[in-house]
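Trainee: The structure's right below; bear with me while I get my questions together.
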Amino acid sequence: MKKYWGIFRISFQQEFAYRLNFILWRVRNVFQILLTYFLWSTVFAGPGTQIFGYDRAKILTYIFGIMIVRALVFSSRAMDVSRDIAQGDLSNYLLKPLSYLKYWFTRDVSSKVLNLIFAAVEFIVLFLILKPPFFFQGNAVALFAFTASIILAIMIYFFILFLISSIPFWTPEIGWGSHFLVTVVIIEALSGALFPINILPQGLQSLIMATPFPYLIYFPVEVYLGNIHGSALMGGLMVALAWTGVLWFGLNFIWQKGLKVYQAIGR
Amino acid sequence: MVKKLKKYIKIWWMMSRNSFSVIIDQKLALSVFLIGKILRFVFFFGFLYFLLLGTKTLAGYSSNQVIFFFLTFNIIDVISQFLFREVYRFRPMIINGDFDLVLAKPLNSLFRVLMGGADIIDLITIPPLIALTIYFGSLLHPSFVSILYYLVLLLNGFLIAAAFHIIVLSFAIVTLEVDHTVMIYRDLTSLGRLPVDIYQQPLRAFLTYLVPVGIMITLPAKAMMGMMGVMGIVSAFSIGIFVVFIALRFWNYALTKYSSASS
(Lines give C-alpha, C1' and ligand atoms only; values in the text may rest on other atoms or scores of the structure.)
Protein backbone atom coordinates (compact mmCIF):
# COMPACT_ATOMS: atom_id res chain seq x y z
CA MET A 1 0.00 0.00 0.00
CA LYS A 2 2.91 2.31 0.87
CA LYS A 3 4.40 2.09 -2.63
CA TYR A 4 1.07 3.03 -4.22
CA TRP A 5 0.80 6.00 -1.89
CA GLY A 6 4.26 7.00 -3.16
CA ILE A 7 3.07 6.63 -6.77
CA PHE A 8 0.02 8.77 -5.93
CA ARG A 9 2.18 11.55 -4.49
CA ILE A 10 4.71 11.54 -7.37
CA SER A 11 1.94 11.46 -9.97
CA PHE A 12 0.17 14.36 -8.25
CA GLN A 13 3.39 16.40 -8.28
CA GLN A 14 4.00 15.51 -11.94
CA GLU A 15 0.71 17.14 -12.88
CA PHE A 16 2.17 20.43 -11.61
CA ALA A 17 5.33 20.12 -13.73
CA TYR A 18 3.52 21.73 -16.67
CA ARG A 19 1.19 24.07 -14.82
CA LEU A 20 0.21 26.23 -17.78
CA ASN A 21 -0.62 23.12 -19.78
CA PHE A 22 -2.83 21.83 -17.01
CA ILE A 23 -4.62 25.16 -16.63
CA LEU A 24 -5.23 25.33 -20.38
CA TRP A 25 -6.60 21.79 -20.26
CA ARG A 26 -9.10 22.98 -17.66
CA VAL A 27 -9.92 26.03 -19.80
CA ARG A 28 -10.76 23.63 -22.62
CA ASN A 29 -13.20 21.83 -20.32
CA VAL A 30 -14.87 25.14 -19.49
CA PHE A 31 -15.36 25.93 -23.21
CA GLN A 32 -17.06 22.57 -23.71
CA ILE A 33 -19.36 23.22 -20.78
CA LEU A 34 -20.20 26.73 -22.04
CA LEU A 35 -21.39 25.41 -25.42
CA THR A 36 -23.62 22.83 -23.77
CA TYR A 37 -24.85 25.23 -21.08
CA PHE A 38 -25.87 28.03 -23.45
CA LEU A 39 -27.41 25.61 -25.92
CA TRP A 40 -29.72 24.16 -23.27
CA SER A 41 -30.26 27.53 -21.64
CA THR A 42 -31.56 28.81 -25.00
CA VAL A 43 -33.78 25.76 -25.47
CA PHE A 44 -35.32 26.29 -22.03
CA ALA A 45 -35.40 30.11 -22.26
CA GLY A 46 -39.22 30.35 -22.15
CA PRO A 47 -40.78 30.36 -18.66
CA GLY A 48 -42.17 26.98 -17.61
CA THR A 49 -40.70 25.17 -20.65
CA GLN A 50 -40.76 21.38 -20.27
CA ILE A 51 -39.06 19.30 -22.97
CA PHE A 52 -37.86 15.68 -22.91
CA GLY A 53 -39.04 15.40 -19.29
CA TYR A 54 -36.76 18.21 -18.08
CA ASP A 55 -37.48 21.69 -16.78
CA ARG A 56 -34.90 24.50 -16.82
CA ALA A 57 -33.58 23.77 -13.30
CA LYS A 58 -33.09 20.08 -13.98
CA ILE A 59 -31.41 20.44 -17.39
CA LEU A 60 -29.01 23.12 -16.10
CA THR A 61 -28.24 20.97 -13.05
CA TYR A 62 -27.53 18.17 -15.55
CA ILE A 63 -25.00 20.42 -17.33
CA PHE A 64 -23.35 21.53 -14.08
CA GLY A 65 -23.43 17.94 -12.86
CA ILE A 66 -21.48 16.94 -15.96
CA MET A 67 -18.60 19.21 -14.82
CA ILE A 68 -18.11 17.29 -11.59
CA VAL A 69 -18.88 13.82 -12.96
CA ARG A 70 -16.53 14.38 -15.93
CA ALA A 71 -13.70 15.34 -13.56
CA LEU A 72 -14.33 12.21 -11.50
CA VAL A 73 -14.81 9.74 -14.34
CA PHE A 74 -12.91 11.05 -17.38
CA SER A 75 -9.77 12.40 -15.64
CA SER A 76 -7.25 9.71 -16.32
CA ARG A 77 -3.64 8.97 -17.15
CA ALA A 78 -4.20 5.37 -18.28
CA MET A 79 -4.31 6.29 -21.98
CA ASP A 80 -0.49 6.50 -21.76
CA VAL A 81 -0.50 2.69 -21.44
CA SER A 82 -0.76 2.36 -25.24
CA ARG A 83 2.47 4.38 -25.61
CA ASP A 84 4.23 2.16 -23.05
CA ILE A 85 3.27 -0.89 -25.11
CA ALA A 86 4.03 0.63 -28.53
CA GLN A 87 7.46 1.95 -27.46
CA GLY A 88 8.44 -1.05 -25.35
CA ASP A 89 8.49 0.91 -22.08
CA LEU A 90 6.12 -1.67 -20.59
CA SER A 91 9.20 -3.87 -19.94
CA ASN A 92 10.41 -1.42 -17.26
CA TYR A 93 7.21 -1.92 -15.29
CA LEU A 94 7.00 -5.68 -15.76
CA LEU A 95 10.38 -5.98 -14.02
CA LYS A 96 9.29 -3.94 -11.01
CA PRO A 97 7.59 -5.43 -7.92
CA LEU A 98 4.25 -3.75 -8.54
CA SER A 99 0.99 -4.44 -10.30
CA TYR A 100 0.88 -2.55 -13.59
CA LEU A 101 -2.90 -2.27 -13.37
CA LYS A 102 -2.80 -0.89 -9.81
CA TYR A 103 0.02 1.47 -10.81
CA TRP A 104 -2.15 3.13 -13.46
CA PHE A 105 -5.26 3.06 -11.32
CA THR A 106 -3.32 4.93 -8.61
CA ARG A 107 -2.17 7.49 -11.19
CA ASP A 108 -5.78 7.82 -12.35
CA VAL A 109 -6.95 8.48 -8.80
CA SER A 110 -4.30 11.19 -8.39
CA SER A 111 -5.42 12.82 -11.65
CA LYS A 112 -9.05 12.63 -10.54
CA VAL A 113 -8.33 14.31 -7.20
CA LEU A 114 -6.51 17.20 -8.88
CA ASN A 115 -9.12 17.64 -11.62
CA LEU A 116 -11.93 17.43 -9.07
CA ILE A 117 -10.40 20.32 -7.09
CA PHE A 118 -10.20 22.46 -10.23
CA ALA A 119 -13.66 21.39 -11.43
CA ALA A 120 -15.11 22.40 -8.06
CA VAL A 121 -13.54 25.86 -8.36
CA GLU A 122 -14.83 26.21 -11.96
CA PHE A 123 -18.25 25.03 -10.79
CA ILE A 124 -18.40 27.75 -8.12
CA VAL A 125 -17.11 30.50 -10.45
CA LEU A 126 -19.48 29.59 -13.30
CA PHE A 127 -22.34 29.18 -10.86
CA LEU A 128 -21.76 32.67 -9.47
CA ILE A 129 -21.46 34.19 -12.96
CA LEU A 130 -24.33 32.37 -14.69
CA LYS A 131 -26.60 32.02 -11.63
CA PRO A 132 -28.52 29.02 -13.03
CA PRO A 133 -31.49 27.53 -11.19
CA PHE A 134 -30.13 24.44 -9.45
CA PHE A 135 -31.74 21.25 -8.26
CA PHE A 136 -30.41 20.11 -4.87
CA GLN A 137 -30.95 16.43 -4.20
CA GLY A 138 -31.91 15.86 -0.57
CA ASN A 139 -32.92 12.20 -0.76
CA ALA A 140 -30.32 10.03 1.02
CA VAL A 141 -31.11 6.95 -1.13
CA ALA A 142 -30.59 8.92 -4.35
CA LEU A 143 -27.31 10.35 -3.04
CA PHE A 144 -26.11 6.89 -2.00
CA ALA A 145 -27.08 5.43 -5.40
CA PHE A 146 -25.34 8.39 -7.09
CA THR A 147 -22.12 7.59 -5.18
CA ALA A 148 -22.37 3.91 -6.12
CA SER A 149 -22.97 4.76 -9.78
CA ILE A 150 -19.92 7.07 -9.79
CA ILE A 151 -17.69 4.31 -8.40
CA LEU A 152 -18.96 1.91 -11.08
CA ALA A 153 -18.47 4.59 -13.77
CA ILE A 154 -14.84 5.09 -12.69
CA MET A 155 -14.22 1.33 -12.90
CA ILE A 156 -15.95 0.99 -16.29
CA TYR A 157 -13.98 3.90 -17.77
CA PHE A 158 -10.68 2.57 -16.42
CA PHE A 159 -11.29 -0.89 -17.88
CA ILE A 160 -12.39 0.53 -21.26
CA LEU A 161 -9.25 2.72 -21.39
CA PHE A 162 -7.03 -0.23 -20.55
CA LEU A 163 -8.73 -2.43 -23.13
CA ILE A 164 -8.29 0.22 -25.84
CA SER A 165 -4.70 0.77 -24.73
CA SER A 166 -4.04 -2.97 -25.23
CA ILE A 167 -4.60 -2.70 -28.99
CA PRO A 168 -0.93 -1.71 -29.66
CA PHE A 169 0.10 -5.23 -28.55
CA TRP A 170 -1.09 -6.24 -32.03
CA THR A 171 -1.15 -2.97 -34.01
CA PRO A 172 1.16 -0.34 -32.48
CA GLU A 173 0.43 2.21 -35.22
CA ILE A 174 -3.19 2.79 -34.16
CA GLY A 175 -2.55 3.52 -30.48
CA TRP A 176 -3.78 7.13 -30.62
CA GLY A 177 -6.24 6.38 -33.42
CA SER A 178 -8.17 3.86 -31.34
CA HIS A 179 -8.28 6.28 -28.37
CA PHE A 180 -9.55 9.02 -30.68
CA LEU A 181 -12.30 6.75 -32.01
CA VAL A 182 -13.44 5.35 -28.67
CA THR A 183 -12.75 7.99 -26.02
CA VAL A 184 -12.90 11.23 -28.00
CA VAL A 185 -15.76 10.33 -30.34
CA ILE A 186 -17.89 7.40 -29.12
CA ILE A 187 -17.68 7.89 -25.34
CA GLU A 188 -18.02 11.68 -25.64
CA ALA A 189 -21.30 11.29 -27.57
CA LEU A 190 -22.86 8.17 -26.04
CA SER A 191 -21.96 8.79 -22.39
CA GLY A 192 -24.36 11.72 -22.13
CA ALA A 193 -21.57 14.30 -21.79
CA LEU A 194 -22.99 16.32 -24.69
CA PHE A 195 -26.72 15.66 -24.33
CA PRO A 196 -29.01 13.53 -22.14
CA ILE A 197 -29.62 10.19 -23.83
CA ASN A 198 -33.39 10.43 -23.28
CA ILE A 199 -33.80 13.11 -25.96
CA LEU A 200 -33.29 10.30 -28.49
CA PRO A 201 -36.11 8.04 -29.81
CA GLN A 202 -36.97 5.11 -27.51
CA GLY A 203 -35.41 2.44 -29.75
CA LEU A 204 -32.10 4.27 -29.95
CA GLN A 205 -32.17 4.92 -26.20
CA SER A 206 -32.63 1.24 -25.42
CA LEU A 207 -29.79 0.36 -27.77
CA ILE A 208 -27.41 2.86 -26.15
CA MET A 209 -28.48 1.87 -22.61
CA ALA A 210 -27.40 -1.68 -23.41
CA THR A 211 -23.80 -0.46 -23.92
CA PRO A 212 -21.49 0.55 -21.03
CA PHE A 213 -21.18 4.19 -22.22
CA PRO A 214 -24.26 5.87 -20.68
CA TYR A 215 -23.27 4.50 -17.26
CA LEU A 216 -20.27 6.85 -17.32
CA ILE A 217 -22.10 10.21 -17.21
CA TYR A 218 -25.80 10.03 -18.08
CA PHE A 219 -26.83 7.40 -15.53
CA PRO A 220 -25.04 8.92 -12.48
CA VAL A 221 -26.35 12.43 -13.24
CA GLU A 222 -29.89 11.15 -13.81
CA VAL A 223 -29.70 9.28 -10.52
CA TYR A 224 -28.67 12.51 -8.79
CA LEU A 225 -31.58 14.36 -10.41
CA GLY A 226 -33.95 11.68 -9.10
CA ASN A 227 -35.17 10.87 -12.61
CA ILE A 228 -34.19 7.23 -12.16
CA HIS A 229 -35.55 5.50 -9.06
CA GLY A 230 -37.08 2.30 -7.73
CA SER A 231 -36.68 -0.77 -9.92
CA ALA A 232 -35.20 1.27 -12.79
CA LEU A 233 -32.46 2.46 -10.43
CA MET A 234 -31.71 -1.05 -9.21
CA GLY A 235 -31.80 -2.37 -12.79
CA GLY A 236 -29.41 0.36 -13.95
CA LEU A 237 -26.98 -0.30 -11.12
CA MET A 238 -27.10 -4.03 -11.92
CA VAL A 239 -26.35 -3.38 -15.62
CA ALA A 240 -23.44 -1.10 -14.64
CA LEU A 241 -22.16 -3.76 -12.24
CA ALA A 242 -22.49 -6.41 -14.95
CA TRP A 243 -20.52 -4.25 -17.40
CA THR A 244 -17.84 -3.71 -14.76
CA GLY A 245 -17.52 -7.49 -14.41
CA VAL A 246 -17.58 -8.19 -18.14
CA LEU A 247 -14.96 -5.53 -18.84
CA TRP A 248 -12.78 -6.76 -15.96
CA PHE A 249 -12.80 -10.33 -17.27
CA GLY A 250 -12.36 -9.11 -20.85
CA LEU A 251 -9.39 -6.99 -19.83
CA ASN A 252 -7.71 -9.86 -17.98
CA PHE A 253 -8.20 -12.13 -20.98
CA ILE A 254 -6.92 -9.57 -23.53
CA TRP A 255 -4.03 -8.45 -21.31
CA GLN A 256 -2.75 -12.03 -20.84
CA LYS A 257 -3.02 -12.63 -24.61
CA GLY A 258 -1.25 -9.32 -25.24
CA LEU A 259 1.63 -10.09 -22.91
CA LYS A 260 2.23 -13.32 -24.83
CA VAL A 261 2.70 -11.43 -28.12
CA TYR A 262 4.55 -8.47 -26.55
CA GLN A 263 8.02 -8.14 -28.10
CA ALA A 264 9.27 -4.96 -26.38
CA ILE A 265 9.73 -3.34 -29.78
CA GLY A 266 11.72 -0.14 -29.48
CA ARG A 267 13.80 -1.25 -26.46
CA MET B 1 4.17 37.62 -58.98
CA VAL B 2 2.45 34.96 -61.14
CA LYS B 3 5.74 33.08 -61.41
CA LYS B 4 6.13 33.15 -57.63
CA LEU B 5 2.55 31.94 -57.15
CA LYS B 6 3.14 29.06 -59.58
CA LYS B 7 6.30 28.13 -57.67
CA TYR B 8 4.42 28.02 -54.35
CA ILE B 9 1.53 26.01 -55.81
CA LYS B 10 4.05 23.50 -57.15
CA ILE B 11 5.81 23.29 -53.77
CA TRP B 12 2.46 22.90 -51.97
CA TRP B 13 1.51 20.07 -54.29
CA MET B 14 4.85 18.32 -53.70
CA MET B 15 4.57 18.67 -49.92
CA SER B 16 0.94 17.52 -49.96
CA ARG B 17 1.81 14.49 -52.10
CA ASN B 18 4.50 13.49 -49.60
CA SER B 19 2.10 14.00 -46.71
CA PHE B 20 -0.59 11.90 -48.44
CA SER B 21 1.92 9.10 -49.16
CA VAL B 22 2.83 8.85 -45.47
CA ILE B 23 -0.81 8.50 -44.42
CA ILE B 24 -1.84 6.16 -47.25
CA ASP B 25 0.96 3.82 -46.13
CA GLN B 26 -0.87 3.41 -42.81
CA LYS B 27 -4.21 2.19 -44.12
CA LEU B 28 -5.51 0.93 -40.79
CA ALA B 29 -4.77 4.21 -38.99
CA LEU B 30 -6.33 6.12 -41.89
CA SER B 31 -9.51 4.02 -41.65
CA VAL B 32 -9.76 4.45 -37.88
CA PHE B 33 -9.38 8.23 -38.04
CA LEU B 34 -11.74 8.50 -40.99
CA ILE B 35 -14.42 6.47 -39.19
CA GLY B 36 -13.86 8.61 -36.06
CA LYS B 37 -14.30 11.87 -37.95
CA ILE B 38 -17.42 10.65 -39.75
CA LEU B 39 -18.94 9.32 -36.52
CA ARG B 40 -18.25 12.58 -34.68
CA PHE B 41 -20.08 14.46 -37.41
CA VAL B 42 -22.97 11.98 -37.46
CA PHE B 43 -23.37 12.05 -33.66
CA PHE B 44 -23.60 15.85 -33.45
CA PHE B 45 -25.78 16.05 -36.55
CA GLY B 46 -28.08 13.38 -35.07
CA PHE B 47 -28.18 15.21 -31.74
CA LEU B 48 -29.19 18.48 -33.44
CA TYR B 49 -31.78 16.66 -35.53
CA PHE B 50 -33.45 14.99 -32.55
CA LEU B 51 -33.18 18.13 -30.41
CA LEU B 52 -34.90 20.24 -33.06
CA LEU B 53 -37.50 17.54 -33.54
CA GLY B 54 -38.54 18.28 -29.96
CA THR B 55 -38.02 22.06 -29.87
CA LYS B 56 -38.81 22.98 -33.54
CA THR B 57 -36.65 26.16 -33.29
CA LEU B 58 -33.47 27.34 -31.56
CA ALA B 59 -32.99 31.03 -30.72
CA GLY B 60 -35.56 31.82 -33.40
CA TYR B 61 -33.86 29.76 -36.12
CA SER B 62 -35.63 26.89 -37.89
CA SER B 63 -34.25 23.32 -37.98
CA ASN B 64 -32.78 23.75 -41.47
CA GLN B 65 -31.16 27.03 -40.49
CA VAL B 66 -29.54 25.55 -37.35
CA ILE B 67 -28.25 22.58 -39.36
CA PHE B 68 -26.89 25.01 -41.96
CA PHE B 69 -24.96 26.88 -39.21
CA PHE B 70 -23.48 23.54 -38.15
CA LEU B 71 -22.55 22.61 -41.73
CA THR B 72 -20.91 26.00 -42.31
CA PHE B 73 -18.86 25.48 -39.14
CA ASN B 74 -17.78 22.10 -40.52
CA ILE B 75 -16.86 23.51 -43.94
CA ILE B 76 -14.50 26.06 -42.35
CA ASP B 77 -13.22 23.65 -39.69
CA VAL B 78 -12.53 20.69 -42.00
CA ILE B 79 -11.00 22.70 -44.86
CA SER B 80 -8.79 24.57 -42.35
CA GLN B 81 -7.64 21.26 -40.89
CA PHE B 82 -6.98 19.92 -44.38
CA LEU B 83 -4.85 22.95 -45.30
CA PHE B 84 -3.18 23.71 -41.97
CA ARG B 85 -2.59 20.24 -40.45
CA GLU B 86 1.15 20.92 -40.29
CA VAL B 87 0.47 23.38 -37.45
CA TYR B 88 -0.30 20.38 -35.20
CA ARG B 89 3.24 19.06 -35.81
CA PHE B 90 5.07 22.35 -35.28
CA ARG B 91 5.95 22.24 -31.58
CA PRO B 92 8.33 19.23 -31.82
CA MET B 93 10.06 21.06 -34.69
CA ILE B 94 10.72 23.99 -32.33
CA ILE B 95 11.73 21.87 -29.36
CA ASN B 96 14.36 19.82 -31.18
CA GLY B 97 15.56 22.74 -33.29
CA ASP B 98 14.52 21.28 -36.68
CA PHE B 99 12.93 24.61 -37.51
CA ASP B 100 16.50 25.71 -38.42
CA LEU B 101 16.24 23.54 -41.52
CA VAL B 102 13.07 25.34 -42.58
CA LEU B 103 14.59 28.77 -42.03
CA ALA B 104 17.65 27.85 -44.10
CA LYS B 105 15.58 26.98 -47.20
CA PRO B 106 14.84 29.52 -49.98
CA LEU B 107 11.16 29.36 -49.15
CA ASN B 108 8.83 31.38 -46.96
CA SER B 109 9.13 29.66 -43.56
CA LEU B 110 5.55 30.54 -42.57
CA PHE B 111 4.22 28.91 -45.74
CA ARG B 112 6.19 25.75 -44.98
CA VAL B 113 5.02 25.35 -41.37
CA LEU B 114 1.45 26.47 -42.07
CA MET B 115 0.67 24.50 -45.21
CA GLY B 116 3.43 21.90 -45.41
CA GLY B 117 1.34 18.85 -44.50
CA ALA B 118 -2.16 18.76 -46.00
CA ASP B 119 -4.33 16.04 -44.44
CA ILE B 120 -5.81 13.46 -46.80
CA ILE B 121 -8.28 12.22 -44.15
CA ASP B 122 -9.93 15.64 -44.06
CA LEU B 123 -9.75 15.86 -47.86
CA ILE B 124 -11.85 12.67 -48.15
CA THR B 125 -14.60 14.18 -45.98
CA ILE B 126 -14.78 17.51 -47.86
CA PRO B 127 -16.84 16.47 -50.98
CA PRO B 128 -19.74 14.87 -49.03
CA LEU B 129 -19.70 17.81 -46.63
CA ILE B 130 -19.97 20.29 -49.51
CA ALA B 131 -22.80 18.24 -51.02
CA LEU B 132 -24.70 18.31 -47.70
CA THR B 133 -24.12 22.05 -47.34
CA ILE B 134 -25.44 22.69 -50.87
CA TYR B 135 -28.49 20.52 -50.13
CA PHE B 136 -29.39 22.22 -46.83
CA GLY B 137 -28.46 25.62 -48.31
CA SER B 138 -30.93 25.06 -51.15
CA LEU B 139 -33.68 24.39 -48.58
CA LEU B 140 -33.23 27.99 -47.39
CA HIS B 141 -34.18 29.25 -50.90
CA PRO B 142 -31.38 31.83 -51.08
CA SER B 143 -31.16 34.55 -53.73
CA PHE B 144 -28.14 34.81 -56.03
CA VAL B 145 -26.85 37.77 -53.97
CA SER B 146 -27.16 35.76 -50.72
CA ILE B 147 -25.11 32.92 -52.21
CA LEU B 148 -22.50 35.41 -53.40
CA TYR B 149 -22.33 37.03 -49.94
CA TYR B 150 -22.06 33.57 -48.37
CA LEU B 151 -19.09 32.62 -50.54
CA VAL B 152 -17.37 35.95 -49.94
CA LEU B 153 -17.83 35.67 -46.15
CA LEU B 154 -16.71 32.04 -46.27
CA LEU B 155 -13.48 33.27 -47.82
CA ASN B 156 -13.21 35.79 -44.99
CA GLY B 157 -13.76 32.91 -42.55
CA PHE B 158 -10.81 31.04 -44.06
CA LEU B 159 -8.68 34.20 -43.74
CA ILE B 160 -9.51 34.40 -40.03
CA ALA B 161 -8.86 30.66 -39.62
CA ALA B 162 -5.45 31.11 -41.26
CA ALA B 163 -4.73 34.03 -38.91
CA PHE B 164 -5.62 31.89 -35.88
CA HIS B 165 -3.27 29.15 -37.07
CA ILE B 166 -0.46 31.70 -37.54
CA ILE B 167 -1.05 32.94 -33.98
CA VAL B 168 -0.87 29.34 -32.73
CA LEU B 169 2.45 28.86 -34.58
CA SER B 170 3.80 32.06 -33.07
CA PHE B 171 2.77 30.97 -29.58
CA ALA B 172 4.66 27.71 -30.07
CA ILE B 173 7.85 29.72 -30.63
CA VAL B 174 7.30 32.26 -27.87
CA THR B 175 6.17 29.84 -25.15
CA LEU B 176 7.48 26.28 -25.31
CA GLU B 177 5.34 25.16 -22.40
CA VAL B 178 2.04 25.21 -24.22
CA ASP B 179 1.48 22.15 -26.36
CA HIS B 180 -2.20 22.41 -27.10
CA THR B 181 -2.83 26.03 -28.05
CA VAL B 182 -4.25 24.67 -31.27
CA MET B 183 -6.78 22.64 -29.30
CA ILE B 184 -7.83 25.81 -27.44
CA TYR B 185 -8.43 27.34 -30.87
CA ARG B 186 -10.46 24.27 -31.87
CA ASP B 187 -12.56 24.51 -28.70
CA LEU B 188 -13.16 28.22 -29.21
CA THR B 189 -14.24 27.75 -32.82
CA SER B 190 -16.41 24.80 -31.81
CA LEU B 191 -18.54 27.36 -29.96
CA GLY B 192 -19.46 28.43 -33.51
CA ARG B 193 -21.12 25.08 -34.25
CA LEU B 194 -24.29 26.92 -33.31
CA PRO B 195 -25.18 30.57 -34.02
CA VAL B 196 -23.41 32.90 -31.57
CA ASP B 197 -26.85 34.42 -30.85
CA ILE B 198 -27.40 31.64 -28.29
CA TYR B 199 -24.64 32.98 -26.04
CA GLN B 200 -25.28 35.67 -23.42
CA GLN B 201 -23.32 38.91 -23.27
CA PRO B 202 -20.41 39.47 -22.76
CA LEU B 203 -19.52 36.02 -24.19
CA ARG B 204 -21.36 36.85 -27.43
CA ALA B 205 -19.37 40.08 -27.91
CA PHE B 206 -16.17 38.19 -27.07
CA LEU B 207 -16.96 35.59 -29.73
CA THR B 208 -17.94 38.20 -32.29
CA TYR B 209 -15.21 40.81 -31.99
CA LEU B 210 -12.33 39.68 -29.80
CA VAL B 211 -12.09 36.09 -31.02
CA PRO B 212 -14.14 36.56 -34.19
CA VAL B 213 -15.73 33.10 -34.28
CA GLY B 214 -19.04 34.76 -35.07
CA ILE B 215 -17.61 36.61 -38.07
CA MET B 216 -15.82 33.48 -39.17
CA ILE B 217 -18.77 31.07 -39.00
CA THR B 218 -22.09 32.65 -38.00
CA LEU B 219 -22.00 35.60 -40.44
CA PRO B 220 -21.52 33.53 -43.65
CA ALA B 221 -24.50 31.36 -42.68
CA LYS B 222 -26.56 34.46 -41.87
CA ALA B 223 -25.67 35.91 -45.28
CA MET B 224 -27.10 32.78 -46.91
CA MET B 225 -30.32 33.42 -44.97
CA GLY B 226 -30.47 36.97 -46.35
CA MET B 227 -29.67 38.56 -43.00
CA MET B 228 -26.55 40.47 -44.11
CA GLY B 229 -26.10 43.75 -45.96
CA VAL B 230 -23.13 45.20 -47.83
CA MET B 231 -21.99 47.21 -44.80
CA GLY B 232 -21.94 44.07 -42.67
CA ILE B 233 -19.78 42.33 -45.24
CA VAL B 234 -17.35 45.26 -45.48
CA SER B 235 -17.08 45.35 -41.67
CA ALA B 236 -16.52 41.58 -41.52
CA PHE B 237 -13.76 41.80 -44.12
CA SER B 238 -12.14 44.73 -42.30
CA ILE B 239 -12.00 42.67 -39.11
CA GLY B 240 -10.71 39.63 -41.08
CA ILE B 241 -7.89 41.64 -42.67
CA PHE B 242 -7.04 43.26 -39.33
CA VAL B 243 -6.77 39.83 -37.66
CA VAL B 244 -4.47 38.59 -40.44
CA PHE B 245 -2.33 41.74 -40.06
CA ILE B 246 -2.03 41.19 -36.28
CA ALA B 247 -1.21 37.49 -36.81
CA LEU B 248 1.58 38.31 -39.29
CA ARG B 249 3.04 40.95 -36.96
CA PHE B 250 2.98 38.42 -34.12
CA TRP B 251 4.69 35.83 -36.34
CA ASN B 252 7.47 38.29 -37.20
CA TYR B 253 7.88 39.09 -33.52
CA ALA B 254 7.92 35.37 -32.61
CA LEU B 255 10.67 34.70 -35.16
CA THR B 256 12.94 37.12 -33.31
CA LYS B 257 12.43 35.00 -30.16
CA TYR B 258 13.39 31.68 -31.79
CA SER B 259 16.46 30.40 -29.96
CA SER B 260 17.28 27.34 -32.10
CA ALA B 261 17.42 25.28 -28.88
CA SER B 262 18.66 21.64 -29.11
CA SER B 263 19.83 22.03 -32.72
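The values are calculated or read from the model by the stated rules, or taken from the named source; none is laboratory data. Please read these numbers as outputs of a predicted model, since none were measured by experiment. Every residue, glycine as well, gets a Cβ built from its backbone with ideal geometry; the counts of neighbours run over all protein chains shown. Note: accessible area is taken over every heavy atom of the protein model, side chains too, but ligands, DNA and RNA are not part of it. Shrake-Rupley method; radii C 1.70, N 1.55, O 1.52, S 1.80 Å.
Trainee: Can you tell me what the convex hull of the Cα atoms of the range A:201-262 projects to on average, as an area in nm²?
Mentor: Projected area, direction-averaged: 5.3 nm².
Trainee: Could you run the Karplus curve 6.51 cos²θ - 1.76 cosθ + 1.60 with θ = phi - 60° over the range A:191-207 and give me ³J(HN,Hα) per residue in whole Hz, x for Gly and Pro?
Mentor: In residue order, the calculated couplings are 7, x, 6, 9, 8, x, 4, 6, 8, 7, x, 3, x, 5, 4, 4, 4 Hz.
Trainee: How large is the dipole of the range B:113-263 about the Cα centre if only Lys and Arg carry +1 and Asp and Glu carry -1, each at its Cβ, rounded to the nearest 20 debye?
Mentor: In total the dipole reaches around 300 debye.
Trainee: Return the carbon/sulfur percentage of the accessible area of the protein assembly as shown, one whole number, probe 1.4 Å, all protein chains in place.
Mentor: Solvent-exposed carbon and sulfur of the protein assembly as shown make up 70 percent of the total.
Trainee: Could I ask something else about it? What fraction of the Cα pairs in chain B, stated in percent, has a spacing above 23 angstrom?
Mentor: 56
Trainee: Moving to a separate point now. Excluding same-chain residues fewer than 8 positions from B:LYS7, which lysines have a Cα within less than 20 Å of its Cα?
Mentor: Here the lysines satisfying the reach criterion relative to B:LYS7 are B:LYS105.
Trainee: Take the alpha-carbon positions of chain A, form their convex hull, and give its projected area averaged over all directions (one quarter of the hull surface) in nm².
Mentor: One quarter of the hull surface, i.e. the mean projection, equals 15.5 nm².
Trainee: Moving on to the next point. Please list, or write none, the aspartates and glutamates whose alpha carbon is within less than 19 Å of the alpha carbon of A:LYS58, excluding same-chain residues fewer than 8 places away.
Mentor: Straight-line reach from A:LYS58, under 19 Å: A:GLU222.
Trainee: Please give the net charge around B:VAL213, taking every other residue with its beta carbon less than 14 angstrom from that of B:VAL213, where Lys and Arg add +1 and Asp and Glu add -1.
Mentor: The answer is +1.
Trainee: Hey, another quick one. Can you give me the convex hull volume of the Cα atoms of the protein assembly as shown, divided per residue and expressed in Å³?
Mentor: 170
Trainee: ³J(HN,Hα) across the range A:73-78 via Karplus (A = 6.51, B = -1.76, C = 1.60, θ = phi - 60°), whole Hz, x for Gly/Pro?
Mentor: 8, 7, 6, 7, 10, 5
Trainee: Separate question: So what's the range B:56-103 giving for Rg/Rh, alpha carbon basis, Kirkwood Rh from the mean inverse pair distance?
Mentor: That ratio equals 1.38.
Trainee: Show me, bin by bin at 10 Å from 0, the whole-percent P(r) of the range B:152-202 based on Cα pairs.
Mentor: 22, 43, 29, 7
Trainee: Given only helices, namely DSSP H runs of n ≥ 4 each adding -39500 (n - 2.57), what is the per-residue ellipticity at 222 nm of the protein assembly as shown, to the nearest 500 deg cm²/dmol?
Mentor: -23000 deg cm²/dmol
Trainee: At a probe radius of 1.4 Å, figure out the B/A buried accessible area, summed over both chains, and give it in Å² to the nearest 100.
Mentor: That pair of chains buries around 3300 Å² in total.
Trainee: Largest first, please: the extent of the C-alpha atoms of the range A:15-86 along each principal axis, to the nearest Å.
Mentor: Result, largest extent first: 52, 25, 17 Å.
Trainee: Among all the lysines, which ones have a C-alpha under 28 Å from A:LYS2's C-alpha, if same-chain residues fewer than 8 places away are not counted?
Mentor: Correct list for A:LYS2: A:LYS96, A:LYS102, A:LYS112.
Trainee: Which of A:THR36, A:PHE74, A:TYR224 sits closest to the plus end of the dipole of chain A, meaning its Cα is farthest towards the positive end, when Lys and Arg get +1 and Asp and Glu get -1 on the C-beta?
Mentor: Most positive-ward Cα: A:PHE74.
Trainee: Evaluated at 10 °C with a viscosity of 1.306 mPa s, what Stokes-Einstein diffusion coefficient in µm²/s does the range A:92-216 have when Rh comes from the Kirkwood expression over alpha-carbon pairs?
Mentor: Calculated translational D: 91 µm²/s.
Trainee: Would you kindly give the portion of the calculated P(r) for the range B:108-181 that falls above 21 Å, as a percent of all Cα pairs?
Mentor: Percentage above 21 Å: 49.
Trainee: Next question. GNM on chain B, C-alpha springs below 10 Å: top fluctuator among B:LYS222, B:LYS56, B:LYS27?
Mentor: With Cα springs under 10 Å in chain B, the top fluctuation among B:LYS222, B:LYS56, B:LYS27 is at B:LYS27.
Trainee: Per residue, what accessible area does chain B have, given a 1.4 Å probe and all protein chains present, in Å²?
Mentor: 47
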